[in-house]
Amino acid sequence: MMPRDPFADDPNDPASFLSDDADHMEPLSPEERIHVQQDLKLVEEFKKVLQPRGIEGIFFMCEDCEEFHYYDWDIMAANMRATLAGELSPVHEPSVQPNVEAYVPWDYCLGYLDGLESR
Ligand SMILES: [Zn+2]
């Protein structure tokens with residue numbers, strides 16, 4: 001059992017005073033929070049099985065920039081932890097000069113994990 005966030009339902013969460021309007025982020029709904037926690041678990045799984053095979057992280061097409069972004073496993077996990085903590089994650093700060101061949105799409109990782117588990 002995870003300890004319950006004491007500010008989960010509190011509109012006066014002190015953390016909300018720390019960000020100005022430009023950085024304002026809507027609090028996660030309980031469903032979103034569960035979703036991010038699941039993704040975080042997956043990232044840790046992906047890292048465990050794919051990093052030994054030379055895969056360094058995930059890439060995806062960013063709709064804002066219209067270019068691919070590359071994220072190391074640890075950066076992905078840090079972004080998700082920031083999201084769970086109610087902080088804005090630095091979505092547009094991908095890895096510097098990534099080796100693009102060492103990054104795979106999220107769906108590839110899901111499929112890879114499925115393949116391992118069905119053996
Ligand atoms: Zn972007």
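As a footprinting exposure proxy, order Asp39, Asp64 by other Cβ within 10 Å, with the fewest listed first. Numbers along the way, then the final one.
Details: Asp39 16, Asp64 8.
With the fewest neighbours first, Asp39, Asp64 line up as Asp64, Asp39.
I need Phe59, Phe46 ordered by Cβ neighbour count within 10 Å, fewest first.
Details: Phe59 20, Phe46 23.
Lowest to highest Cβ neighbour count: Phe59, Phe46.
Read-outs throughout are calculated quantities, based only on the coordinates presented, and are distinct from any laboratory measurement. These numbers were taken from a predicted model, which means no experiment stands behind them. Because the Cβ atoms are built from the backbone with ideal geometry, glycine has one as well, and the counts that use them run over all protein chains shown.
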